[in-house]
Amino acid sequence: MQEQYRKNKIKIKKINKMKKIQAFVSVIIPIIFLTSCVTPILPPYVDLVLTDAEMKFYNLSKEELELYNLIMKYRNEKNLPSIPISKSLTYVAQVHAKDVFENHIFGTECCIHSWSNKGNWSPCCYPDRAVRYPTLKESWRVHSKPRELTSYKGDGYEISLTYYCQLCAKTKKIIECRTITPEECLDMWKGSPEHNDLVINRREWRTYPWKAIGIGIYKGIAHVWFGERRDKDTFVEE
């Protein structure tokens, strides 16, 4: 009888021990899972300040640097990381802004993501989506512009805008545009779902890890290019 009592007591202890382990596991596993799924909150964004040598290297104007900082601050508010400034993508953005101002013909199906035949690049028409969606070849000819014009090895993705531009009635080219501020640029892109999604990696852009960005502003035309690869052409202090 005593032996049976002793065995039962040992059995009860084992059962109680297993219950404690199960209770511990049921609490700690969800905590570990939740902790692994929570994205750390980024510290507030601090404006990028460049030296004169860095400004010269990246060929940035004060307005372009300001727009860069505004975009990074906006991304930070969405708990998204900053994107390194790219010399190559900035060059593409600046060249394209000037090309649109000087050569783009409005009133056709080709929107301002198109490139004219007036420069050292392959011309291409990128249709306005209100007219029709671009073919794969038309998209590729735009996205490949960084590789065509610079040493950048990846594709580029562009957001653009023109600001109250006066057109020549005969040629449908720009005569002049109102000056646009960096704040106005970002506000207009934030107000456009397609542009906003690209800037803050939402919807179709959520899997694109932006590793490079270039800024170009020219006489009321603004272009920003994003890339998934880092630009190896970086500033090295002498």
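Say whether the condition of being in contact with a Cys (Cβ under 9 Å, 6 or more places away or on another chain), at pLDDT below 95 and open to solvent by less than 80 Å² (accessible area, probe 1.4 Å) is met by at least one residue in the stretch 114-133. Taking every residue of the stretch 114-133 in turn, at least one turns out to be in contact with a Cys (Cβ under 9 Å, 6 or more places away or on another chain), at pLDDT below 95 and open to solvent by less than 80 Å² (accessible area, probe 1.4 Å).
In the stretch 189-211, the residues that are within 13 Å of ILE83 (Cα to Cα) form Cβ pairs under 6 Å with partners that are among the basic types (Lys, Arg) and open to solvent by 60 Å² or more (accessible area, probe 1.4 Å), at six or more places apart or across chains, as follows: ILE200/LYS78; LYS211/ARG229; LYS211/ARG230.
Just one residue in the set LYS153, LYS170 is loosely packed, with under 15 Cβ neighbours inside 10 Å, under 20 Å from VAL95 (Cβ atoms) and of a type in the set (D, E, K, R); that residue is LYS153. Of all residue pairs spaced 6 or more apart or on separate chains, those with beta-carbon atoms under 9 Å, a first member in the stretch 217-236 that is closer than 15 Å to PRO146 by Cβ and open to solvent by less than 70 Å² (accessible area, probe 1.4 Å) and a second member that is β-branched (Val, Ile, Thr) and in a loop (DSSP other than H, G, I, E, B) are HIS223/ILE112; PHE226/ILE83; GLY227/ILE83; ASP231/THR150; ASP233/THR150.
What's the total number of residues in the stretch 96-111 that are surrounded by fewer than 21 Cβ atoms within 10 Å (Cβ to Cβ) and on the phi < 0 side of the Ramachandran plot? Result for the stretch 96-111: 10.
Has the stretch 48-61 got at least one residue that is under 24 Å from LEU198 (Cα atoms), in a helix (DSSP H, G or I) and at pLDDT 95 or above? Looking through the stretch 48-61, at least one residue is under 24 Å from LEU198 (Cα atoms), in a helix (DSSP H, G or I) and at pLDDT 95 or above. Within the stretch 188-221, the set of residues being more than 15 Å from the chain's Cα centre (by Cα) and not in a loop (DSSP other than H, G, I, E, B) comprises MET188, ILE217, TYR218, ILE221. The residues of the stretch 68-95 that are of a type in the set (A, V, I, L, M) and more than 13 Å from the chain's Cα centre (by Cα), listed by number, are VAL92, ALA93, VAL95.
The values are calculated or read from the model by the stated rules, or taken from the named source; none is laboratory data. None of these values were measured; they are calculated from a predicted model. Cβ atoms come from the backbone with ideal geometry, glycine included; neighbour counts cover every protein chain shown. These accessible areas exclude ligands, DNA and RNA; they are computed on the full protein's heavy atoms, side chains included. Shrake-Rupley method; radii C 1.70, N 1.55, O 1.52, S 1.80 Å.
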